[in-house]
Amino acid sequence: MSLLPIHLLGDPILREETVPVTEFTDELRTLVDDMFETMYAASGIGLAAPQVGRRERLAVVDVEGAKYALINPEITLAEGKAKAEEACLSFPDVYGTVERATRVIVKAQDVEGTPYEVDATDLLARCFQHEIDHLHGKLFIDYLSYLKRRAALAEWEELRKQYHGTVRYLKPGAPADDDAEPSVSEA
Ligand code: NI
């Protein structure tokens, strides 16, 4: 397995639509394994293919041990509403409050192509929505008011100076970039 570089806000791939996965190959399974490894190394709870520079409609999630490879995921039911703070591995340390459904049913395929359905609530439901948004070029800052989005982008302009270019390389075995435990899980 290998750690993949994480593409940062400013890289156009984060705004592109993904392409449905039609072939469930060993290459796909390796990509999924690498994405899980990358997500854990970044101390994240979710990671979508565009964040590692890929166009497959695929994301990985691990919320408190609830672990999913979401291939071609679709939300088939969304209900309830709640606001909570979110963060994203593609622009670390920028936070924003986003209203999301509190329960979603997601239809997806696993790495073998077998269809499955998950009924998720709370943080898992929020993480699914955040990742599925990534697969359609959407980021959590898009939900912020004009002023809050502008403030978040200004913050990112400062923070991004510590990275060189539009990718971020993780160090193997070293969780996240800093010693402070983030208050909000990044996805
Ligand atoms: Ni994200």
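The values are calculated or read from the model by the stated rules, or taken from the named source; none is laboratory data. Values in this document were obtained by computation on a predicted structure and should not be read as measured data. A quick note on method: Cβ atoms are made from the backbone with ideal geometry, for glycine too, and the neighbour counts reach across all protein chains shown.
Laid out as a table, the results:
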read-out	value
Subset of region 2-24 (residues that are surrounded by fewer than 15 Cβ atoms within 10 Å (Cβ to Cβ), in a loop (DSSP other than H, G, I, E, B) and not small (Gly, Ala, Ser))	Glu16, Glu17, Pro20, Thr22, Glu23
Conditions (1) surrounded by 14 or more Cβ atoms within 10 Å (Cβ to Cβ); (2) more than 16 Å from the ligand (Cβ to nearest atom); (3) assigned to a helix (DSSP H, G or I): number failed by Glu27	(1)
Region 63-75 - residue that is assigned to a strand (DSSP E or B) and more than 16 Å from the ligand (Cβ to nearest atom) and, of those, surrounded by the fewest Cβ atoms within 10 Å (Cβ to Cβ)	Lys67
Top-ranked residue in region 44-57 [being within 14 Å of the ligand (Cβ to nearest atom) and either part of a strand (DSSP E or B) or at pLDDT below 95 (or both); ranked as farthest from Glu186 (Cα to Cα)]	Ala48
Scope region 30-39; condition more than 23 Å from Ile75 (Cα to Cα) and within 15 Å of the ligand (Cβ to nearest atom); matching residues	Thr38
Neighbours by Cβ (under 7 Å, 6+ apart or cross-chain): first from region 127-146, within 12 Å of the ligand (Cβ to nearest atom); second at pLDDT below 95 and not basic (Lys, Arg)	Cys127/Ala187; His130/Ala187; Glu131/Ala187
